[in-house]
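Before any comments, here is the structure.
Where a number appears in this text, it was derived from the coordinates with a stated rule and is not lab data. Quick caveat: nothing in here was measured; it's all calculated off a predicted structure. Here the Cβ is made from the backbone with ideal geometry for all residues, glycine too, and neighbour counts use every protein chain on show.
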Amino acid sequence: MRAPLAVLLLALAAAQVSAKANNYAEREEVQNFIRELAVRHSFTEQELRHLFSRVRRAEPVLEAIKPQPPKARSWEEYRANFLNEKRIAAGAEFWKKHRRALERAEQRYGVPAEYIVAIIGIETFYGRNTGRWRVVDALTTLAFDYPPRAPYFRSELEQYLLLAREQGKDAFALRGSYAGAIGIPQFMPGSTRRYAVDFDNNGAIDLRRSPVDAIGSVGNFLKEHGWLPGGEVLREARVGGDAWRALADGSVDPKHAAADLRAAGVEFEGMPEGVRAVLLELETPDKPSEYRIGLHNFWVLTRYNRSAFYASAVHDLAQAVKNTR
């Protein structure tokens with residue numbers, strides 16, 4: 001039985017609408033974005049329209065970035081993802097292989113080698129897992145089809161197009177994470193332009209293939225965010241009573257004086273006068289929480305990833321790798 005003509009016409013119209021929606025160059029908001037880039041950075045509108053006509057919407061990227069269903073967070077489970085024999089051993093081997101670059105980075109930026117190694121280990125398993133998505137597809141999809149964070153990803157898309165132009169690279173050649181993070185240290189395009197360095201001195205910055213550039217870039221990132229050479233990251237703590245609960249509010253900002261922490265029932269060994277810290281409660285369901293005091297350099301680690309779990313895992317992996325060498 002033949003479908004009525006009206007039904008066929010509706011299906012055809014729907015297909016045309018869908019095709020247009022998936023052709024970013026034909027979308028009004030993308031055209032406005034193109035005009036803005038042409039004005040701000042002297043891009044050629046025609047070239048950008050051609051570029052966006054070739055971009056493909058990445059549905060799996062939208063699935064990956066969706067907030068996960070709420071569940072109890074587990075510090076023990078999170079930590080175990082990174083603190084295991086395989087990753088620690090690989091970190092020690094990475095350190096051995098790139099010892100000179102790490103020593104140079106520590107001298108230049110004041111960041112201990114173990115923290116640089118740990119960040120690279122957590123981000124990409126020392127360069128083994130750098131992402132498979134075309135960066136331009138991922139960023140465009142998130143910039144125009146993920147409203148909760150569209151302004152952020154439009155900014156990063158702008159930074160990416162500038163980066164590709166500056167480096168003379170094909171915008172479609174670079175692959176990264178589903179969020180558009182690039183290379184061994186997983187820098188977003190804006191961070192790549194601001195903090196990446198040519199640490200192997202070969203005349204080019206390559207975060208994808210040069211572990212030495214990655215080492216220097218991580219060191220520079222932490223230094224530029226205020227790393228204090230010789231400063232501590234974490235101290236173990238114990239709590240008593242209930243007054244401490246008001247201080248463990250989920251913030252990562254070191255805003256409490258030692259006297260205030262102790263007055264709230266937090267016990268810890270030593271802290272230099274005038275230094276401020278944050279109380280961390282690292283929770284695991286059905287088990288006692290772990291408590292730590294985070295100092296200024298802990299806060300600096302959270303500039304890489306705004307998570308107390310992340311920065312704590314970086315610290316623990318750093319110490320484990322250092323002790324294994």
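Return the aspartates and glutamates within reach of Lys169: Cα separation strictly under 16 angstrom, same-chain partners fewer than 8 residues apart disregarded; answer none if there are no such residues.
By straight Cα distance, Lys169 reaches Glu47, Asp137, Glu158, Asp206.
Non-local amide H neighbours of Met188 (under 5 Å, H modeled in plane, Pro and chain starts lacking H): which ones?
Correct list: Ile182.
Angle, helix 211-224 long axis vs. longest principal axis of the chain, Cα atoms, 0 to 90°, nearest 10?
That helix lies at roughly 70 degrees to the long axis.
If packing is taken as the average count of other Cβ atoms within 10 Å, what order do 212-225, 166-179 fall into, highest mean first?
Order by mean packing, descending: 212-225, 166-179.
Straight-line reach from Lys71: which lysines have Cα under 27 Å away, leaving out those fewer than 8 places along the same chain?
Within the straight-line cut-off, Lys71 pairs with Lys287.
List, in order, the whole-Hz ³J(HN,Hα) value for each residue of region 39-45 obtained from phi through the Karplus relation with A = 6.51, B = -1.76, C = 1.60 and θ = phi - 60°; use x for Gly and Pro.
In residue order, the calculated couplings are 6, 6, 10, 6, 5, 8, 4 Hz.
What nm distance separates the two modelled labels at Lys169 and Ser53, each placed 7 Å from Cα along Cα→Cβ?
It works out to 2.6 nm between the two label points.
How about Lys86: which lysines have a C-alpha closer than 20 Å to its C-alpha, ignoring those fewer than 8 places off in the same chain?
The reachable lysines, counting only those whose Cα sits under 20 Å from Lys86, are Lys96, Lys97, Lys322.
DSSP loop (so not H, G, I, E, B), at most 14 other Cβ within 10 Å: list which trypsin sites (Lys or Arg not before Pro) in region 184-218 pass both filters.
For trypsin sites (Lys or Arg not before Pro) across region 184-218 that sit outside H, G, I, E and B with at most 14 neighbouring Cβ atoms in 10 Å, the list reads Arg209.
On a full-extension model of 0.36 nm per residue, what is the gain between Glu36 and Ala259, subtracting their alpha-carbon distance, rounded to one decimal in nm?
75.1 nm
Counting C-alpha atoms alone, how compact is region 223-281: give Rg to one decimal and Dmax as a whole number, in angstrom.
Reported Rg and Dmax, both Å: 11.9, 39.
At R0 = 45 Å, how high is the FRET efficiency between Arg193 and Arg276 if r is their beta carbon distance? Nearest 0.05 is fine.
Taking R0 as 45 Å, the efficiency between Arg193 and Arg276 is 0.90.
So what's the back-of-envelope 222 nm ellipticity for the chain, counting only DSSP H runs of four-plus at -39500 (n - 2.57) apiece and dividing by all residues, rounded to 500?
-16000 deg cm²/dmol
How far is helix 85-97 tilted, in degrees, relative to the longest principal axis of the Cα atoms in the chain, given as a value from 0 to 90 rounded to the nearest 10?
The angle comes out at about 90 degrees.
May I ask for the Kirkwood hydrodynamic radius of the chain, worked out over all distinct Cα pairs and given in angstroms to one decimal?
About 22.2 Å for the chain.
Relative to the longest principal axis of the C-alpha atoms of the chain, give the angle of the C-alpha long axis of helix 5-22, reported between 0 and 90° and rounded to the nearest 10°.
Approximately 40 degrees, to the nearest 10.
Return the FRET efficiency for the residue pair Gln68, Gln46: r is the Cβ-Cβ distance, R0 is 30 Å, and the value is rounded to the nearest 0.05.
Efficiency at R0 = 30 Å is approximately 0.15.
Among 313-325, 62-74, 247-259, what's the highest-first ranking by average C-beta atoms within 10 angstrom per residue?
313-325, 247-259, 62-74
Evaluate the Kirkwood expression for the hydrodynamic radius of region 187-325, namely the inverse of the mean inverse distance over all pairs of different C-alpha atoms, and round to one decimal in Å.
16.6
In debye, nearest 20: dipole of the chain around its Cα centre with unit charges on the Cβ of K, R (+) and D, E (-)?
The dipole of the chain has a size of about 900 debye.
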